[in-house]
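What follows is a short report on a single structure.
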Amino acid sequence: MTNQDPSPVSSTMVQPPVQPPLQAPRTPIACRALATDIAAAGLPHRMLAPTLGPDDTVLYGRFRLLRLGSGLSLHATDAVDAHDLTSQAVSNPGLTVALFLRGCAEVSLGGRDYRVAACGTPQVFVLSRAEPDLFVRRGMRGNWVRKATISVPPDWFDDDRLGRDDGLRAFARAHGASAVWEASARQVQLAERMIGPTPYAAALEGLYLESHALEIVAESLSALAGHAAPGAGSALAASAPAGRDRARIQAVCDYLDAHTADGHADAPRLEDVARHAGMSVSALQRLFRAAHGTSVFDYYRGLRMDRARALLEREHVSVTEAAYIAGYGNPANFATAFKRRFGLSPRDVRGRGSR
């Protein structure tokens, strides 16, 4: 995503755009085209880095930005990031329902970080935006994302029917509250249809997409409200932590970030992490999964993999060294996990950052 004015806004050196995997979409999308469509949808974003010109490729693939009836907005994507792109926008109040079929996303709202990864298992990510706040997306070169994101307006929760559900109303009013769970087979089917070409002409396309969006939102709200949805996948991971629990989970993330940056060879013990945050191991596991939709171990493993990628790109470490940094004794196992996470092999990204 980029800003409405695609003129350079940063002095960061532009790296050559990464080439998408062979099976990924390969149609280049220039900054100018993306900025035009974002502005037309009334969703202005500002690109922070790197510096790209109007005709530079920012994505490979396709995307769809539409305002639907009932106040919903749709952003459907099947695209590969060509750069490590950071963009920001002021997010208006509402509820985000994002269904990830592939790839990962690293975003922040008001300084609070969120990460969603669909590594073989499609995920639903719901985020409450109860007040205007700064939203930042951090893309990764080679990250192939297939997702359908639906924005629900806040006045939906003032409706007599939705407003009667205390759980839904409380979630929608808790700024920054989030939840992650495995998507149902039906939700995956609907998202696939929204991402791909539609069978209808433009006059009926909006109605077709709106019907799919409404069904995805209905099932997601049902999960948040604690009701069983027909054909649903795994249960909702947990309700979003609040208050003091959020602060303790943030302390855990800071602890894991510092442990990764210090280059420790071994993963921290869960007992030590829990003690640092002032909670039991069971509470740590429960609250962390509620906040991030993943385990402490998998989150930490992701941090180490991100650090290995950065060192491959910027410091030319060998694949064997990168495997060790990521916690893998076998470089072949590391390469498999690396490609599953980033869509590229370690050799593909090694040294790219300096060219």
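The values are calculated or read from the model by the stated rules, or taken from the named source; none is laboratory data. Please read these numbers as outputs of a predicted model, since none were measured by experiment. When we count neighbours, we look across all protein chains shown, and the Cβ atoms used for this are built from the backbone with ideal geometry, even at glycine.
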The correct count of residues that are farther than 24 Å from residue 66 by Cα, among the small types (Gly, Ala, Ser) and in a helix (DSSP H, G or I) in segment 158-184 is 3
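Taking the stated definitions as given, is residue 142 touching a helix residue (DSSP H, G or I) at 6+ places or on another chain (Cβ under 6 Å) and in contact (Cβ under 8 Å) with a residue 24 or more places away in the chain? Show your work before the answer.
Values: touching a helix residue (DSSP H, G or I) at 6+ places or on another chain (Cβ under 6 Å): yes; in contact (Cβ under 8 Å) with a residue 24 or more places away in the chain: yes.
Yes: the conditions hold for residue 142.
With the condition kept exactly as written, say whether any residue in segment 121-132 is crowded, with 18+ Cβ neighbours inside 10 Å, at pLDDT below 85, in a strand (DSSP E or B) and among the aliphatic types (A, V, I, L, M). Show your work before the answer.
Filtering segment 121-132 down to residues crowded, with 18+ Cβ neighbours inside 10 Å leaves 122-129.
Going one step further and asking which of them are at pLDDT below 85, we end up with none.
No: segment 121-132 contains no residue that is crowded, with 18+ Cβ neighbours inside 10 Å, at pLDDT below 85, in a strand (DSSP E or B) and among the aliphatic types (A, V, I, L, M).
Say we look at segment 156-206 and pick out the residues that are of a type in the set (Val, Ile, Thr) and within 18 Å of the chain's Cα centre (by Cα); which of these is modelled with the lowest pLDDT?
180
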| task | Answer yes if at least one residue in segment 165-180 is more than 14 Å from residue 124 (Cα to Cα), among the acidic types (Asp, Glu) and in contact with a helix residue (DSSP H, G or I) (Cβ under 8 Å, 6 or more places away or on another chain), and no otherwise. | result | no
Reported set for segment 287-297 where residues are crowded, with 17+ Cβ neighbours inside 10 Å and assigned to a loop (DSSP other than H, G, I, E, B) is 293, 294
Note on residue 97: of the conditions (1) modelled with pLDDT under 90; (2) surrounded by 18 or more Cβ atoms within 10 Å (Cβ to Cβ), unmet is (1)
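Suppose we filter 235, 229 for residues that are modelled with pLDDT under 85, surrounded by 15 or more Cβ atoms within 10 Å (Cβ to Cβ) and on the phi < 0 side of the Ramachandran plot; which single one remains?
229
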Flagged in segment 65-85 as more than 22 Å from residue 103 (Cα to Cα) and of a type in the set (D, E, K, R), in numbering order, are 67
- Query: Of the residues that make up segment 290-301, is at least one in contact with a Leu (Cβ under 6 Å, 6 or more places away or on another chain) and closer than 17 Å to residue 104 by Cβ?
  - Reply: yes
Residue set 300, 328; condition free of Cβ contacts under 8 Å to residues at least 40 places away in the same chain, surrounded by 17 or more Cβ atoms within 10 Å (Cβ to Cβ) and not hydrophobic (A, V, I, L, M, F, W, C); output residue 328
Expected output for segment 89-117 (first residue closer than 10 Å to residue 134 by Cβ, partner among the small types (Gly, Ala, Ser), Cβ below 7 Å, 6+ apart or cross-chain) is 109/91; 109/176; 110/176
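Please state which one of 323, 274, 337, 310 is assigned to a helix (DSSP H, G or I) and under 17 Å from residue 248 (Cα atoms). Give the steps one after another, and end with the answer.
On the way: 323 fails: under 17 Å from residue 248 (Cα atoms); 337 fails: under 17 Å from residue 248 (Cα atoms); 310 fails: under 17 Å from residue 248 (Cα atoms).
After ruling out the rest, the residue left standing is 274.
From the list 115, 64, 141, which residue is crowded, with 18+ Cβ neighbours inside 10 Å, part of a loop (DSSP other than H, G, I, E, B) and touching a strand residue (DSSP E or B) at 6+ places or on another chain (Cβ under 7 Å)?
Values: 115 fails: part of a loop (DSSP other than H, G, I, E, B); 64 fails: part of a loop (DSSP other than H, G, I, E, B).
On inspection, the qualifying residue turns out to be 141.
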